[in-house]
Every structure is written in structure tokens, then in C-alpha cells.
Amino acid sequence: HQHTRATSFERQGRWQVGFDGGSVEADQVILATHMPVETPVDLVSPTQPRCHVAMAFRPQDGAHLDGMFIGVDEPTHSIRMGRDDQGPLFIVLGPRFRTGQDADVARRFVELEHWARGHLPVGEAVWRWCNEDYDTADRVAYAGEPDPEQSPGLFVASGFNGWGISNGTAVGLGMARQIITGRCPWKQLYDPNRPSPDDFNQSSDSQTRVDDLDAIGPGEGGVITRGDEQLAVWRDDAGTLHAVSAACTHMGCSVTWNNADRTWDCPCHGSIFQADGEVIHGPAIEPLAARSL
């Protein structure tokens, strides 16, 4: 069932994974969905959502980079090679920033391109995107079986701190071995129940508040207060205003307008919504409610 959204996870002898139109059964379920949508333990509070901006450039004159590298100086950048259907690419990532806690993400792309052209043999910029990850206090992922007594066979994997290529591989190998043999390598290292500082997730409020609708230009968005409610309002390129509730459907935090991706980003737990309020990814699972102006 590829490209199928799971909507429920219930255990009735075996796990029943529900989706629109039916369900599937399994002895084991692995939730490896960035921030797992349903777990026996709280994985939201002990993690902090954060982003990088990333760009891909055509190399100049057949230039090539042998390896993957991350800088030790602040602000940190990382570089590697990639490829699309047109050929090789230089992939460059900028320094991290907390999801929904930057009012000008577009500025970060300008700064990243300036850095790349000053340090690398790059040509045309052909791809731009924001990627999101979750950090943990000790910089190690949460992965494993959170509650083998109450929820046997339910596994989670999250909080890779940007090191998913190495730690994701290790976690995948470890979970497979546990399911097949019952033995769990690195169990203590990745234990999803290990303690975390109470104040690690520094929740915040919307970073794009505006006093009136006239402050929102074409292609821009902002959060405005109307009575007892906060509205997330954006103006399309034709000048028409659109509004949704600014309250994230996960836990009610007020979202921030991302002026690069034209999305609503939650500064508390990292949910991201399209401009019209539809969920791009969680932990929220419900869209932002439409509102009239």
C-alpha cells in the first residue's frame, strides 16, 4: 500500500493499521515518519524541530567533489555531490535554524548562494528547498520499542539530528535484527524512553505578526488578531487575501509564515502546512481551518 496515508494504529491481537477504505494487519509496525504520529511515549517534548536551507548548483567545467563534508566554523555549511536527470550537482546546506522561528527564510537562501559562489566552482542554481529535522538534547536519535509490554511490536525512529544517513542505517539494521532474532543491538544508546531536560524544546510564538492586512504584500503572509482569534492570512500574487486559523492543529501554537516556501510553519513542534492550510507533514494531522475575512 504505497502512497497510502495511515490514519489509525490499533492492536487487536495483531496491529491494525487503518487507512481510507480499509486496513492492513501486521505483527510489527515501524513508525519512521519524521515525527511519529502516535507513540506510547512523548517524543514531541524532548525534541526540537529545526531546518536548513539547501541549494543545488550545476558544477563549473566538470568540477567534482569527492566526499561529503561539514564545516567546523560557525555558521556551519555542508557540501556534497548529487545528481538529477540533467547531470551532476553541487549540493550545499546552510546553518540550522529553528522551524517557524525565523521571519525571513528567503534571506537565508540569498546568504547561502552568496557563500556557495564565494567558495565553490558552481554555476546555475537549479534547485532550492528547506529540509527539516528534529534534534535531541544528547544529539542521538530516539529509536526502538517504547513500550514492549503495552504495545509490543510497535517501533519508532525519530530525532536524527541531521545524521540520518549514518544513524538511520544503524537504526534500520538494529530494528530488523530485533524483529528477526529478539536481540536489540545498541538498545541503551537509542532508547526512546531515556530522560531529556524539561526545557529542551523552547517553544515560541508566531514570528510574522502584523497589525493590519495592508502590511501583507503579494506573495506574503502574516498573523493578525481578529477578536479572540488569530488568523493566518496570505495574499496571492494576484492580490487576493486568503485566511485560515493560525492555531496549529497539533497543540494550538500560532504558526509563522515561511516567505521562501510559502508555507505556515509551527514554531513549537515543527508541523508545516501549505498556504491554504493543508498539512504537509506533522505531528499535526488536521489542516488549518479556513476562515473568512
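Of everything in region 142-179, what is among the β-branched types (Val, Ile, Thr) and buried (at least 21 other Cβ atoms within 10 Å of the Cβ)? Give them in sequence order. Once the filter is applied, which keeps residues that are among the β-branched types (Val, Ile, Thr) and buried (at least 21 other Cβ atoms within 10 Å of the Cβ), region 142-179 yields Val156, Val171. Exactly one of these conditions fails for Gly182: (1) open to solvent by less than 20 Å² (accessible area, probe 1.4 Å); (2) more than 17 Å from the chain's Cα centre (by Cα). Give me its number. Condition (1) is where Gly182 drops out. Within region 7-23, identify whether any single residue is open to solvent by 80 Å² or more (accessible area, probe 1.4 Å) and among the aliphatic types (A, V, I, L, M), and answer yes or no. Scanning region 7-23, I find no residue that is open to solvent by 80 Å² or more (accessible area, probe 1.4 Å) and among the aliphatic types (A, V, I, L, M), so the answer is no. The set of residues in region 1-54 that are among the acidic types (Asp, Glu) and in contact (Cβ under 8 Å) with a residue 40 or more places away in the chain contains only Asp27. For region 195-217, does any single residue satisfy the condition of being touching a His at 6+ places or on another chain (Cβ under 9 Å), modelled with pLDDT under 95, within 19 Å of Asp42 (Cβ to Cβ) and not in a loop (DSSP other than H, G, I, E, B)? No, region 195-217 has no match at all. Selection over region 199-220 of residues that are within 25 Å of the chain's Cα centre (by Cα) and either touching a residue at least 60 places away in the same chain (Cβ under 8 Å) or open to solvent by less than 30 Å² (accessible area, probe 1.4 Å) (or both) gives a count of 10. If you check Phe160 against the conditions, is it within 24 Å of the chain's Cα centre (by Cα) and in a strand (DSSP E or B)? Here the answer is no, as Phe160 does not meet what is asked.
The set of residues in region 99-114 being surrounded by 21 or more Cβ atoms within 10 Å (Cβ to Cβ) and in contact with a Lys or Arg (Cβ under 8 Å, 6 or more places away or on another chain) consists of Thr99, Asp102. Taking the condition assigned to a loop (DSSP other than H, G, I, E, B), out of contact with any Ser or Thr (no Cβ under 9 Å at 6 or more places or on another chain) and among the polar types (S, T, N, Q), does Gln150 pass? Taking the combined requirement at face value, the residue satisfies it. The single residue among Arg96, Arg128, Arg80, Arg139 that is open to solvent by 50 Å² or more (accessible area, probe 1.4 Å), of a type outside the set (Gly, Ala, Ser) and in contact with a helix residue (DSSP H, G or I) (Cβ under 7 Å, 6 or more places away or on another chain) turns out to be Arg128. Restricting the first member to region 99-116 and to residues that are under 13 Å from Gln207 (Cβ atoms), and the second to residues that are β-branched (Val, Ile, Thr) and crowded, with 19+ Cβ neighbours inside 10 Å, the beta-carbon pairs closer than 8 Å and six or more apart or on different chains are Thr99/Ile272; Gly100/Val255; Gly100/Thr256; Gln101/Thr256; Asp102/Thr256; Ala103/Thr208; Ala103/Thr256; Val105/Val53.
Of the candidates Val244, Val233, Val223, the single residue that is touching a residue at least 24 places away in the same chain (Cβ under 8 Å) and in contact with an Asp or Glu (Cβ under 8 Å, 6 or more places away or on another chain) is Val244.
Selection of strands (runs of 3 or more DSSP E) fully inside region 3-111 by the criterion of at least 2 residues being modelled with pLDDT of 90 or more and closer than 30 Å to Glu220 by Cα returns 47-59, 87-93.
Given the condition acidic (Asp, Glu) and crowded, with 16+ Cβ neighbours inside 10 Å, answer yes or no: does some residue in region 229-245 qualify? Within region 229-245 (the criterion being acidic (Asp, Glu) and crowded, with 16+ Cβ neighbours inside 10 Å), the answer is no, since none of the residues qualifies.
The values are calculated or read from the model by the stated rules, or taken from the named source; none is laboratory data. Predicted model, so just to flag it, every value in this text is computed and none were measured. Glycine also receives a Cβ, built like all others from the backbone with ideal geometry; neighbour counts cover every protein chain displayed. Quick note on the areas: whole protein, heavy atoms, side chains included, nothing else; ligands and nucleic acids left out. Shrake-Rupley method; radii C 1.70, N 1.55, O 1.52, S 1.80 Å.
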